[in-house]
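For reference, the structure discussed in these notes is given below.
The values are calculated or read from the model by the stated rules, or taken from the named source; none is laboratory data. Predicted, not measured: the structure shown is a model, and the values here were computed from it. Neighbour counts are summed over all protein chains in view; Cβ atoms, including those assigned to glycine, are modelled from backbone coordinates with ideal geometry. With ligands, DNA and RNA removed, areas are computed over all heavy atoms of the protein, side chains included. Shrake-Rupley method; radii C 1.70, N 1.55, O 1.52, S 1.80 Å.
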Amino acid sequence: MSGLPSEQLPEGIEESPPEQARILEAYRRELLDCFERWGYALVMPPLVEFRDALVAEGEALEHQTFQLTDTLSGRALGIRADITPQIARMDRQAMPHNALARLCYVGQVLRTHPEILGGSRNPIQAGAELYGHDGVQSDAEIVSLLCAALQAVSCRPWCLDLGHAGVFRALAEQTDWDAGERSELFELIQRKAKPDIGAWLDAHEASGKVAVAFRALPDLSGPDEEVLDRAGRELACVSAHMEPALERLRKVAARIRSLYPDVQLHFDLGEASGFHYESGLVFAAYVEGQGQEIARGGRYGVCSRRPATGFSLDLRTLLRCGALTVPAPSRIYAAWSKDPAQQAAINDLRTAGRTVVCSLDPDEAGQENACDERLVCEDGIWVVRPMPS
């Protein structure tokens, strides 16, 4: 036995006391209002589903998903570790096949392991997904929506990292390596571990233009389009699929620069954080002092029946990076009274949107300390007055 008190939360499981919960709720409302202004409809998928449906999109989700048994059907259930596959399922089942679908969501997920050391296992995931369009316009819209959402919560200056999963994928498809080998090399390139990349390629007897291209990927990053021009020169001879990917990055970057000129852009052709999940443009937002991206997204097709792009973020992480003004509500204290006119006054104040805290008995003390004003009777009329200093 661990000897830990039963009241202690499991490692990596977080809760929110009143003040933090109030601010988190303000962030949630601000995000959803932003999504709605862009035409994204709120959906609420369930916390649990049949496990097979939740983990069908990859090994990573399978390892992150808690399992339990449904007492009604006897089948294995899973607690969602990511909401995006659920939104894709809802699009498959409920949305018209010939119309665009813009959907958004906010909800807790539960993971068997934190994504970073010391991180949360129950983040509050928020995001937006766009289904039914495969053009650069939908890529630009979803990246622009992320920028709008970060602006809405007054996020401190962030850097937007743009990449394309198709670059690594196009190179890998010209080899005879199996999925496991491709994953090994992919992880090394994500870490930009150039000596390890070279050693891996040597060990697998990789040579020729493909090997040269893989060795070049970690260095194909930088803050301006020169990176894309250089990639076009160094990679175009390897795959005809490169130039369309690079051109899409150019067009999305131009759109973001025109709408959000203060956002710092960074290009990384070795970045494909969703290689097993995403299939096209990928992006992530970073702020100084935060060890991991605060939001990430991209185009995917694995779990969707039609073209799809979207992004997600953790509300608690956003709380640490945002500067949304969330004023504390003014609270009115109402001492215990038998006068029916007092209750009528309280009802009127609450209807008007005011917060009224009522005493529950004549001897109650202490509640008024958290209030700014009080309800008092003057000449038979109940009125609101400042608390005495």
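Is it the case that some residue within the range 71-84 is more than 17 Å from the chain's Cα centre (by Cα), open to solvent by less than 20 Å² (accessible area, probe 1.4 Å), farther than 30 Å from Gly222 by Cα and at pLDDT 95 or above?
Within the range 71-84, one or more residues are more than 17 Å from the chain's Cα centre (by Cα), open to solvent by less than 20 Å² (accessible area, probe 1.4 Å), farther than 30 Å from Gly222 by Cα and at pLDDT 95 or above.
Just the residues that are closer than 19 Å to Leu315 by Cα, hydrophobic (A, V, I, L, M, F, W, C), open to solvent by less than 20 Å² (accessible area, probe 1.4 Å) and touching an Asp or Glu at 6+ places or on another chain (Cβ under 9 Å), please, taken from the range 112-140.
Ala126, the sole residue that qualifies.
If Trp200 meets every condition in (1) more than 22 Å from Gly301 (Cβ to Cβ); (2) hydrophobic (A, V, I, L, M, F, W, C); (3) in contact (Cβ under 8 Å) with a residue 12 or more places away in the chain; (4) open to solvent by less than 20 Å² (accessible area, probe 1.4 Å) apart from one, which number is that one?
(4)
Can you tell me which residue in the range 261-274 is modelled with the lowest pLDDT, limited to those that are open to solvent by 20 Å² or more (accessible area, probe 1.4 Å) and within 18 Å of Phe214 (Cβ to Cβ)?
Ser273
So, Val167, is that one of a type outside the set (S, T, N, Q), in a helix (DSSP H, G or I) and closer than 27 Å to Asp139 by Cβ or not?
Yes, satisfied.
Given the conditions (1) exposed (fewer than 11 other Cβ atoms within 10 Å of the Cβ); (2) at pLDDT below 95, report the number of the one that Ser359 does not fulfil.
All conditions pass for Ser359, except number (1).
Quick check: anything in the range 302-314 polar (S, T, N, Q), in contact with an Asp or Glu (Cβ under 7 Å, 6 or more places away or on another chain) and surrounded by 11 or more Cβ atoms within 10 Å (Cβ to Cβ)?
Yes, because at least one residue in the range 302-314 is polar (S, T, N, Q), in contact with an Asp or Glu (Cβ under 7 Å, 6 or more places away or on another chain) and surrounded by 11 or more Cβ atoms within 10 Å (Cβ to Cβ).
Going by the conditions given, is Phe66 among the aromatic types (Phe, Trp, Tyr), open to solvent by 50 Å² or more (accessible area, probe 1.4 Å) and modelled with pLDDT of 95 or more?
yes
Looking only at residues that are assigned to a loop (DSSP other than H, G, I, E, B) and of a type in the set (A, V, I, L, M, F, W, C) in the range 172-216, which one is modelled with the lowest pLDDT?
In this case the residue turns out to be Ala206.
Got a sec? Which of Leu201, Leu185, Leu228, Leu220 is farther than 26 Å from Val263 by Cα and within 29 Å of the chain's Cα centre (by Cα)?
After ruling out the rest, the residue left standing is Leu185.
How many of the residues in the range 362-389 are part of a helix (DSSP H, G or I) and open to solvent by less than 70 Å² (accessible area, probe 1.4 Å)?
Final tally of qualifying residues: 2.
Which one is farthest from the chain's Cα centre (by Cα) among residues in the range 144-180 that are over 20 Å from Pro223 (Cβ atoms) and open to solvent by 50 Å² or more (accessible area, probe 1.4 Å)?
Asp176
Quick one: which residue in Arg255, Arg230, Arg250 is among the basic types (Lys, Arg), without any contact (Cβ under 8 Å) to a residue 12 or more places away in the chain and out of contact with any strand residue (DSSP E or B) (no Cβ under 7 Å at 6 or more places or on another chain)?
The unique qualifying residue is Arg230.
On the given criteria, is Thr325 touching a residue at least 60 places away in the same chain (Cβ under 8 Å) and polar (S, T, N, Q)?
yes
Test of understanding: among Pro46, Pro5, which residue is modelled with pLDDT of 95 or more, in a loop (DSSP other than H, G, I, E, B), out of contact with any Ser or Thr (no Cβ under 6 Å at 6 or more places or on another chain) and open to solvent by 50 Å² or more (accessible area, probe 1.4 Å)?
Pro46
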